[in-house]
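Bear in mind that the values in this text are calculations on the coordinates, not laboratory data. The structure displayed is predicted, hence computed values, not measured ones. Cβ placement follows ideal geometry from the backbone for every residue including glycine, while neighbour counts extend to all protein chains displayed.
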Amino acid sequence: MAEDVGFVTMAGARATGAIPEIGVGMLGYAFMGKAHTNAYKTLPYMIYPPPAIPRLLGIAGRNEEAVREAASRYGYERYYTDWREMLKDDRIQLVDNGVPNVAHPESSIAAAQAGKHILCEKPLARTAKEAAPMVEAATKAGIKAMVGFNYRFVPAIRQAKMLIESGALGEIYHFRGVYLQEWITDPKFPMSWRLDKSVAGSGALGDLGAHTIDLARFLVGEPRRLSAMTRTFIKERPLADGSGTGTVTVDDAFAATLEFENGALGTLEASRFCPGRKNHQVIEINGAKGSIVFDLERLNELEVFWKGEAPKETQGFHNVLVSEAYHPFWGYWWPHGHMIGWEHSFIHEIAHLLEAIVKDTPIGPYGATFEDGYKAAVICDAILQSAETEKQVMIRY
């Protein structure tokens, strides 16, 4: 039999250490636990060769029946009802933190002190004051710490970033960002932790607006000052157990104007009270040489306008399908025109984190660091402060 030359099976690569394993511990099993687990399981055979093979070692949640079911469904080796016990497993190198916002600081700081790398969902914390010691703990521990601003890893957003960095748009004049949903427009929608300030920190601001704030910083730069308003439209909601009503203590919507350090003007808006809007995040950036528009519900596309384009009779916005092999991330996927979806942004994000762990490369500037999460929290705090005081607020990190 002829000798096979240059052929190594995945099992052989793992055995020889060519592709390292990274043990993963998941905090939380609901929305983000499901999305992130899908990424860990898909990544090794699509982002190929993978920077590392994720090994799903543990998943933690307070409800034993639910977390046991999640461990079985998702394929985690063990489940825990106390995340502190999970952190004792020395095989776990990466902690994926998807618990409610109130629990982000304690669990992330404990993970850092245990020497674990961290992926923490956004917002990093309820306030900048809570986020600051998370940054300090991650820095002191020397671990890789990323915030789950996954839209940085949508191919069309990364393509927009590249166009801006190349100078193709010229000087940036405007950033407009809206993030609109409809899911709590019904007054009978019951209270949840996302409507409780003591748990969530804020409402539409931290849940939706934080994403747009991060993209504003990622694409245009640092804001200098802002002015904002917030509104809570339905102040009392039925409790889930039917025992009465609870008070909504977060914003249902906010709107803000801001000035960037580079002189650009911006507007931000987020609301969960927009009938017909499912996941409507739209970004528009206007520059001296052209404009770019991105719509999350059409995430494989960019609307692009180039000023002075010839012939003038056909000037206008062009729809660009961001699915060519030379576009960001597309080398891992399908032939052009065969679309990818929302869930793929997590695969790109986690691949970036695993590569940073294995190769000891920085999370930033393309991934969102804990410092980025802290700065987003500072801006969220400033929006709430401006709304409360009815005054303009300077951004100070």
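Tabulated data
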| item | result |
| --- | --- |
| Gap separating the Cα centres of region 362-397 and region 190-250, nearest whole Å | 15 |
| Lys pairs, region 10-149 - Cα-Cα below 19 angstrom, 8 or more residues apart or on other chains | 7 |
| Of Ile395, Ala310, Val282, farthest towards positive along the dipole that unit charges on Lys, Arg, Asp, Glu beta carbons give region 281-397 | Ala310 |
| Descending principal axes extents, the chain, alpha-carbon based, whole Å | 69, 65, 39 |
| Rule-of-thumb Rg ratio for region 179-303 [Cα; 2.2 N^0.38 Å; N residues] | 1.19 |
| Cβ-placed point charges (K, R +1; D, E -1), dipole of the chain about Cα centre in debye, nearest 20 | 360 |
| Semi-axis lengths (Å, descending) of the ellipsoid that matches the C-alpha gyration tensor of region 10-149 | 24, 18, 14 |
| The chain, relative contact order in percent, only Cα pairs under 8 angstrom and at least six apart counted | 19 |
| Region 152-394: Lys pairs at Cα distance under 17 angstrom, eight or more positions apart or on different chains | 5 |
| Per DSSP, loop chymotrypsin sites (Phe, Trp or Tyr not before Pro) in region 138-232 with at most 14 further Cβ within 10 Å | Trp183 |
| Under Karplus coefficients 6.51, -1.76 and 1.60, residue-wise ³J(HN,Hα) of region 296-303 in Hz, glycine/proline x | 4, 6, 10, 6, 8, 10, 10, 9 |
| Estimated 222 nm signal from helices in the chain, with DSSP H stretches of n ≥ 4 weighted -39500 (n - 2.57), rounded to 500 | -9500 deg cm²/dmol |
| Magnitude of the charge dipole, region 10-149, Cβ model with Lys/Arg +1 and Asp/Glu -1, debye to 20 | 240 |
| Principal axis dimensions, region 274-380 - Cα atoms, whole angstrom, descending | 52, 38, 34 |
